[in-house]
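Heads up: the structure comes next, in structure tokens.
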Amino acid sequence: MSYNIISIDGGGIKGVFALQLIKMLQEDADPHFLDHVNCLAGTSTGALIVSALSVGFKPKDLIRFYLILGSRAFPKGKNWEKGGAKYDPTSLKKILTKLFSKTPTMADIEKNLIIPACSLCHESEKKWYPEIFDNFDREKAKSYSLVDVALRSAAAPIYYPSYQNYVDGGIFALNPSLVAFSSSIDPEKGGKKLEDIRILSIGTGINPVAIHEEVDWDEIRWMKPYHSISRLPLFSLMTEVGSYVPHYPLTQLLKNKYKRLNGHLPSPIEMDDASRVPTLIRSAKHIRDLYPDEWAETVAWVKEHFTAKT
């Protein structure tokens, strides 16, 4: 019997792009395809999305959430204060506490849930360390507050302060699909067979960002805006490029049982620019028209693998 995984990248406000793609798959493939998902994995904004999906929220409702509440998570006009993060996570925590009030821990989630976060000082390792929170061990998962784990994964350095001594899981797994695969086949965790795994990996939009020249920059220049392309070139480079990494090994391991869904954005969109939510939604919708063959192939893949027959 197949074990279906949906994985959602990090990307701040760009998470609405992934949500719109999921909504479109419901429209074109199967309105109930999420019912046939066994495991959800998400990093940062992806962690917020999969947590919300796992407790019963619908993609269309979460899209409205990003439209209405995105500006509360990323207030317009907020600037960095010397020595501190750009945003206060208090509003975001209040929103999540209300959303997840009926499912206080990861053990309360029926489906398997996988969320990466980066510890700044791991309890046993005594150094910063990648950590993966999941609910395969239900007893252990009782100690994982859903709100706290989501906020740990979403604490993007520079934008938010650390949360409970954790920062954004995107530091090592912006695209958590490979983490989800590894956890699912781990005999001490998911214990699934390789041949049963199916993964639908969804991105949050590809920024058209590049540096078309040789650079000889110091640490300060790497963290200054580069024309209108990127506000923080080093941060963008180290996180966004990492989202490509899982694609090759998963393609080799799973062949046609793995599908990656993403698309190019018309112009660079910063992860905290809540004013661009309508643009992100339109960009996702345009995938149908710009890449009709690829879209039809993805719809057919979902129909084949994420149905009650699999």
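The values are calculated or read from the model by the stated rules, or taken from the named source; none is laboratory data. For clarity, every value in this text was computed on a predicted model and none was experimentally measured. Counting neighbours? That spans all protein chains shown, and the Cβs are built from the backbone with ideal geometry, glycine included. Accessible surface is based on the protein model in full, side chains and every heavy atom, while ligands, DNA and RNA are left aside. Shrake-Rupley method; radii C 1.70, N 1.55, O 1.52, S 1.80 Å.
For Val215 and Ser101, the difference between the fully extended length at 0.36 nm per residue and the C-alpha to C-alpha distance is 36.1 nm.
Taking the Cα centre of region 145-295 as reference, the dipole from Cβ charges on Lys and Arg (+1) and Asp and Glu (-1) amounts to some 660 debye.
Taking all protein chains as shown and a probe of 1.4 angstrom, Leu69 keeps an accessible surface of around 40 Å². Can you send over the carbon and sulfur percentage of the accessible area for region 221-310, probe radius 1.4 Å, protein chains only? Carbon and sulfur atoms account for 60 percent of the accessible area of region 221-310.
Taking only the C-alpha atoms of region 227-310, the Rg (one decimal) and the largest Cα-Cα distance, Dmax (whole number), read 16.0, 51 Å. Could you pull out every residue, at least 5 positions away or on a different chain, whose amide H is within less than 5 Å of the one on Thr105? Hs are placed 1.01 Å off N in the peptide plane, and Pro or chain starts have none. Residues meeting the criterion, in which the H sits 1.01 Å from N, are Leu146. Phi angles across region 124-133 convert, under the Karplus curve 6.51 cos²θ - 1.76 cosθ + 1.60 with θ = phi - 60°, into 3J(HN,Hα) values of 9, 7, 6, 7, 5, 7, x, 10, 10, 9 Hz, Gly and Pro given as x. Of the residues Ser182, Ile206, Ile220, the one whose Cα sits farthest towards the positive end of the charge dipole of region 148-228 is Ser182 (charges of +1 on Lys and Arg Cβ, -1 on Asp and Glu Cβ, taken about the Cα centre).
In the context of the full set of protein chains, region 260-303 has a per residue accessible area of 50 Å² (1.4 Å probe). Measuring with a 1.4 angstrom probe and ignoring ligands and nucleic acids, Tyr291 comes out at about 90 Å² accessible. Per residue, region 70-209 exposes 49 Å² of solvent-accessible protein surface, assessed with a 1.4 angstrom probe and all protein chains in place.
Charge tally for Arg288 (other residues, Cβ to Cβ under 13 Å; Lys, Arg +1; Asp, Glu -1): -3. Residue order by solvent-accessible surface for Trp295, Trp222 is Trp222, Trp295, largest first, with ligands and nucleic acids left out and a 1.4 Å probe. Calculate, for Lys76 and Asp137, the FRET efficiency according to 1/(1 + (r/R0)^6) with r their C-beta to C-beta distance and R0 45 Å; round to the nearest 0.05. Efficiency for this residue pair is about 0.60. Solvent-accessible surface (1.4 Å probe) assigned to Glu195 amounts to roughly 100 Å².
The portion of the accessible surface of region 1-95 made up by carbon and sulfur, rounded to a whole percent, is 52 (1.4 Å probe; DNA, RNA and ligands excluded). About its Cα centre, the dipole of the chain is roughly 880 debye, where the only charges are +1 on Lys and Arg Cβ and -1 on Asp and Glu Cβ. Remark on Ile114: its backbone amide H falls under 5 Å from those of Leu40, Ala41, Gly42, a criterion applied only to residues 5 or more positions apart or on other chains, H modelled at 1.01 Å from N. 3J(HN,Hα) along region 102-117: 8, 10, x, 10, 5, 5, 7, 8, 5, 7, 6, 10, 10, 9, x, 8 Hz, from the Karplus curve 6.51 cos²θ - 1.76 cosθ + 1.60 with θ = phi - 60°, whole Hz, x for Gly and Pro.
At a 1.4 Å probe radius, carbon and sulfur cover how many percent of the accessible area of region 134-193? Of the solvent-accessible surface of region 134-193, carbon and sulfur hold 50 percent. In plain terms, the chain from Met238 to Leu120 could stretch by 40.7 nm, reckoned as 0.36 nm per residue minus the Cα-Cα distance. Annotation: amide H-H contacts under 5 Å for Ile197 (H modelled 1.01 Å from N, sequence separation of 5 or more, or interchain): Tyr3. With all pairs of different C-alpha atoms in the average, the Kirkwood value for the hydrodynamic radius of the chain is 19.6 Å. In a reduced charge model with +1 at each Lys and Arg Cβ and -1 at each Asp and Glu Cβ, region 1-136 shows a dipole moment near 800 debye about its Cα centre. For region 75-155, a Kirkwood radius taken over Cα pairs fed into Stokes-Einstein (20 °C, viscosity 1.002 mPa s) yields D = 150 µm²/s. Ordered from largest to smallest accessible area (heavy atoms of protein chains, 1.4 Å probe), the residues Asp289, Asp30, Asp9, Asp216 come out as Asp216, Asp289, Asp30, Asp9.
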